[in-house]
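The structure appears below as structure tokens.
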Amino acid sequence: MTATTPEAASSGRRLFVSYARPDSEAVQNLVEVLRALHHVPWVDRELESEGGKPWWDRILAEIEACDGIVVVLSPQLFDSVPAEREREYADALGKPPLPVMVEVVTPDILPSELSSRQFVDFTRGGPLAGAMLASAVAGLPAAPPLPDPMPKRPDVPSSYLGDLRKRVRAPALSLEEQIHLITELRLRLDLERERQAVVTLLRELQQRRDLCHATWQLLDPLLKDVRGESSEATPPGDERPAEAGPVSGSATPRGPDQGPTWQGRTPPPGWYPDPSRRHQLRWFWNGSWTRQASDHGKVVDDPNF
């Protein structure tokens, strides 16, 4: 039994695309190029239209049927448990891998099955990258027949959101990590079965004490859209998040031992003008000011506050 189907034989190679969620935009570009080269790429976004079908079984079936696995390389790939299990299962079946780099990674961190292989640099796209991709796919060895007996299928990951939940609750998150999390969670909002869990994680992220105000600016309209509320743009030059900061004219910064007044009540947690004036913004949490301050998007610790 071979992995090539009549559809793939007439149209090109049938390729399973393994990637991390933050790379979805780059993956879409890659998939379009592969289709233009008359190959048949498969990505798990196609599961979204299949309702109650067991999504993990379908993923494994696609790996079993493919002629090769395109591994989309980026720093985020190695944080993805599902992608790791996809690669391991493809390797157990002898599926030839094709590493395609969409974001620069250090070769030293690549798993052993990829580190010795030539990869396609797709970081800039363009005609040269397309030509390199065409040559690399053409040079893939034929997939061997499926082994008999088949290796044990890997267990289904507890959830694609399991890893995200751990990262949202990490002791500390950099600005880059916060933005990556928002990007990954936003991609899952369209999946009805995960929507409520995603909203919960977004709200948890919004309540973090180390949340950067640049991150808040991304979260605010996203959560307002989920609630069906309008989201007014932040005025140019004013970096305060609309929901985290006081509404213009309705909040007044007070002394360091007092919180700002906000529509006659204690404001929600968020970034507000620093009452000590040593920094642009200061994080207000649980009815009091904290040591976390922010200047031009960079969060700093201010122990002398």
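The values are calculated or read from the model by the stated rules, or taken from the named source; none is laboratory data. Only a predicted model underlies this, so the values are computations on that prediction, with no experimental measurement involved. A quick note on method: Cβ atoms are made from the backbone with ideal geometry, for glycine too, and the neighbour counts reach across all protein chains shown. With ligands, DNA and RNA removed, areas are computed over all heavy atoms of the protein, side chains included. Shrake-Rupley method; radii C 1.70, N 1.55, O 1.52, S 1.80 Å.
Values computed for the structure shown
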quantity	calculated
Helices (runs of 4 or more DSSP H) fully within the stretch 108-220 counting 2 or more residues that are of a type outside the set (Gly, Ala, Ser) and over 30 Å from Trp285 (Cα atoms)	112-115, 126-138
Qualifying residue in the stretch 142-159 (condition: out of contact with any Cys (no Cβ under 9 Å at 6 or more places or on another chain) and closer than 18 Å to Val17 by Cβ)	yes
Some residue of the stretch 154-173 being open to solvent by 50 Å² or more (accessible area, probe 1.4 Å) and among the aliphatic types (A, V, I, L, M)	yes
Qualifying residue in the stretch 108-130 (condition: open to solvent by less than 20 Å² (accessible area, probe 1.4 Å), among the small types (Gly, Ala, Ser), within 19 Å of Asp57 (Cα to Cα) and under 26 Å from the mean Cα position of the chain (by Cα))	no
Selected residue (only one of Val104, Val70 is part of a loop (DSSP other than H, G, I, E, B), under 30 Å from Glu177 (Cα atoms) and of a type outside the set (D, E, K, R))	Val104
So Leu60, is it assigned to a helix (DSSP H, G or I) and closer than 27 Å to Arg124 by Cβ	no
